[in-house]
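The values are calculated or read from the model by the stated rules, or taken from the named source; none is laboratory data. Everything numeric here is computed off the predicted structure, so don't read it as measured data. FYI the Cβ positions are ideal-geometry reconstructions off the backbone, even for glycines, and counts take in every protein chain you see. Ligands, DNA and RNA are stripped out before the accessible areas are found, and what is left, the full protein with its side chains, is counted by its heavy atoms. Shrake-Rupley method; radii C 1.70, N 1.55, O 1.52, S 1.80 Å.
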Amino acid sequence: MNVRVRIAPSPTGLVHVGNVRAALFNWMFARHHDGVFILRIDDTDRERSEQQYEDEIKEGFRWLGLDWDEGVDVGGEYGPYRQSDRMDRYREVVEQLVESGHAYYDDRSTEELESLRQKAQKEKLHPNFFIRRPARAATAGVVRFSVPQDASVEFEDAIRGEVRFGSEVIDDFVIYRSNGTPTYHLASTTDDLDHAITHVIRGEDLLSSTPKHILLSRAIGGAEPRYAHLPLIMGPDGKPLSKRHGPTSLKEFRDRGFLPEAFRNYLSLLGWSIDGDRTVFTTEEAVAAFDLSDVSKNPAVFDTAKLEWMNGEYIRALPESEFIERVRPHVVSGLGRELDSDEWAQFSEMAPVVQERTKFFSDAGQQVGFLFTDEVIYDEPSWAKVMEKEGVSDVLRVSSEKLAVLDRFDHDSVEAALRSMLEELEIGARKGLQPLRVAVTGSQVSPPLFESISVLGKDRTLNRLAYCVERIG
RNA sequence: GGCCCCGUCGUCCAGUGGUCUAGGACGCCGGCCUUUCAAGCCGGAAACGCCAGUUCGAACCUGGUCGGGGCUGCCA
């Protein structure tokens, strides 16, 4: 069988990572089976759909490397792939369903419907138990699907196994609005059928809607897809992610300097695992191993700390030159200005030690900020803890003397000079070097000292030491 | 309320009746290394929600219970 799967986001807001994970799993499934991955845009809700959101969705998927074989922008033989371009088709399907008796017009008022719901509540029945085809036929209003009351709907979910719904709990749901637009259920089901989707892999929030989609599929006709419902992804507070809660935008992660390959790796671990003990693996390995039956049934919490660790792993694994290239735009935007070629040379010199301690690119700029400013910002807690101690001015003074006479100012000579300072003052490295670190970088946390000083250069280093001597008084 | 799904360390996963005194990863704690912070290495605390049942034997099977989540819209 030729696998055809789709991701069908609705451009009514930012894509949260739950949808992104669903996209990733669909994509991995398609690639594993040499199938087709389709990007469809579910914009039946015209009121709330916006082009800007659609653009962001596509940008995000491209960034993550989730390339689609068919769909918006790339086309395909089953197009169009945007629901707003398929309105005629939905209308046609609705007319067929009404004609064949599978659906009916309903012009009952909201009040009427509400009282039916209340009646059901009172009798402890499904709220929509009484919302069925009324005796009085209508020719306008919404169109409802007529749910056959003699059978239950059961299906084999690829992740959850057998799931069964009694038909009495499936209401006669609306498939066509009175304003002439299809609802999600109709549009999505029609599309899946028309696009010959073989596997519908989506969030668990749609599990309860699945019997409706199955019934609709049967009424419309065509090959029913298999269903697989992914567990939801929760925020740090254990509440499900939504368009206004938790990590919502892929753009945010990209801007902070997460690597798409790391993000993919982390996301693949949310509800799936490649085996018992590996957590870092390539996308190719994931694709080769991916199987829906290995997807977990329980919800997963999105853990930023683990993502950051994962990203650090990938950053450290980068060749130095690639690290420099990829971190570059983040350094620029972090600093708020371009660097000249001398400054880039300095940055490159520091790169290896920066790369080691970078969790995401945007925090790299901060590490080297002291190199590219004449006004060092002294971190107050650092100053208080390190500089307001006995003997600090001696350390700074002697260091200045030793550094001032150096001809070469490379790592080794700086180290030798400062070691001799330590000896002269009979002070340990731990105590004796911290004041220099604060004086030169502004903080008690920084890249390694000898590198920092040698890259900063003699003049600027001596200036900073002198400034601190003065400030201490 | 009704229906559906889910329930292993704080978090993400492994585990599919005996090899589990439950394994890995992140995080956390301690140590080593050490010029800080990272990284690395070593060690540690930390979980089968609960109750029955099936069985010689249950994290794994069944029932119940409790807890979490979803759906219950002319949103998707």
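Things worth noting here:
- A:Thr279-A:Arg89 pseudo-label distance in nm [points 7 Å out on the Cα-to-Cβ vector]: 4.4 nm
- Per residue, the accessible area of the stretch A:185-273 comes to 32 Å² when a 1.4 Å probe rolls over the protein heavy atoms.
- For the stretch A:330-472, a/c is not less than 1.5, where a ≥ b ≥ c are the root eigenvalues of the C-alpha gyration tensor, and a/b tops b/c. That puts it in the prolate class.
- In the structure shown, the pairs A:Lys58/A:Lys212; A:Lys251/A:Lys359; A:Lys122/A:Lys297; A:Lys359/A:Lys458; A:Lys212/A:Lys297 are assessed against 25 Å; a Cα-Cα span above that value is assigned to A:Lys58/A:Lys212; A:Lys122/A:Lys297; A:Lys359/A:Lys458.
- Amide proton proximity set for A:Gly203, modelled H, under 5 Å, gap of 5+: A:Leu230
- Karplus-derived 3J(HN,Hα) values for the stretch A:430-445, using 6.51 cos²θ - 1.76 cosθ + 1.60 with θ = phi - 60°, are 4, 7, x, 9, 4, x, 5, 4, 5, 4, 8, 9, x, 9, 6, 10 Hz; glycine and proline are entered as x.
- Computed packing ranks the peptides A:186-194, A:230-238 as A:186-194, A:230-238, most packed first, by mean other Cβ atoms within 10 Å.
- Cα centroid separation - the stretch A:417-432 against the stretch A:167-214, whole Å: 74 Å
- Selected from A:Val455, A:Ala417, A:Phe302, residue furthest toward positive end of dipole (chain A; charges at beta carbon): A:Phe302
- Integer Hz, Karplus 6.51/-1.76/1.60 couplings in order for the stretch A:339-353, x for Gly and Pro: 9, 7, 5, 5, 5, 5, 4, 5, 4, 4, 5, 7, 3, x, 6
- Proximal aspartates and glutamates relative to A:Lys385, as straight alpha-carbon distance under 20 Å, when same-chain residues fewer than 8 apart are discounted: A:Asp394, A:Glu470
- Here the peptides A:396-402, A:426-432, A:314-320 are ranked by packing, the mean other Cβ count within 10 Å, and the order with the highest first is A:396-402, A:314-320, A:426-432.
- Global form of the stretch A:93-176, assessed from the alpha-carbon gyration tensor, a/c cut-off 1.5: oblate
- Note that chain A shows a convex hull volume over its alpha carbon atoms of 197 Å³ per residue.
- Once the C-beta distance of A:Ala151 and A:Glu47 is scaled by a Förster radius of 35 Å, the resulting FRET efficiency is 0.45 to the nearest 0.05.
- The residue among A:Ile315, A:Leu193, A:Ala151 whose Cα reaches farthest toward the positive pole of the charge dipole of chain A, with charges on the beta-carbon of Lys, Arg, Asp and Glu, is A:Ala151.
- In terms of its alpha-carbon gyration tensor, the stretch A:88-241 comes out oblate; a/c meets the 1.5 threshold, while b/c is at least as large as a/b.
- Long-range amide H partners of A:Val36 with built H, under 5 Å: A:Val3, A:Arg4, A:Val5
- The string of couplings for the stretch A:273-290 from the Karplus curve (6.51, -1.76, 1.60, θ = phi - 60°) is 8, 6, 6, x, 10, 9, 10, 10, 7, 7, 4, 4, 5, 5, 4, 5, 9, 5 Hz, one whole number per residue in order, with x for Gly and Pro.
- Amide H contacts of A:Ala138 (H built 1.01 Å from N, under 5 Å, at least 5 apart or other chain): A:Tyr105
- The peptide list A:257-265, A:74-82, A:24-32, put in order of mean Cβ contacts within 10 Å with the highest first, becomes A:24-32, A:257-265, A:74-82.
- Check: the stretch A:225-365 dipole with +1 on Lys, Arg Cβ and -1 on Asp, Glu Cβ, in debye: 880 debye
- The length gained by stretching the chain between A:Ser178 and A:Arg328 to full extension, at 0.36 nm per residue less their Cα-Cα distance, is 48.6 nm.
- Distance from the stretch A:125-159 to the stretch A:218-287 (C-alpha centre basis), Å: 33 Å
- Once the Cα-Cα distance is subtracted from the 0.36 nm per residue extended length, the A:Asp374 to A:Gln444 segment shows a gain of 23.4 nm.
- With the simple spin-label model, which puts each label point 7 Å out from Cα in the Cβ direction, the A:Ala223 to A:Glu313 separation comes to 3.8 nm.
- Nearest 10 degrees, 0 to 90: helix A:17-32 Cα axis against chain A principal axis: 80 degrees
- Between the Cα long axis of helix A:110-122 and the first principal axis of chain A there is an angle of about 90°, rounded to the nearest 10.
- Sorting the Cα pairs of the stretch A:319-370 by distance into bins of 10 Å, from 0 upward, gives 27, 66, 7 percent per bin.
- Annotation: the antiparallel percentage among DSSP beta bridges lying fully within the stretch A:1-137 is about 10.
- Only beta bridges with both residues in chain A are counted; by DSSP, about 50 percent of them are antiparallel.
- Projected label distance in nm at A:Lys297 and A:Arg397, using a 7 Å step from Cα toward the beta-carbon: 7.5 nm
- Charge dipole (Cα centre; +1 on Lys/Arg Cβ, -1 on Asp/Glu Cβ; no other charges) of chain A amounts to roughly 1380 debye.
- Length added when fully stretched, A:Ser420-A:Ala288, from 0.36 nm per residue minus Cα-Cα: 41.8 nm
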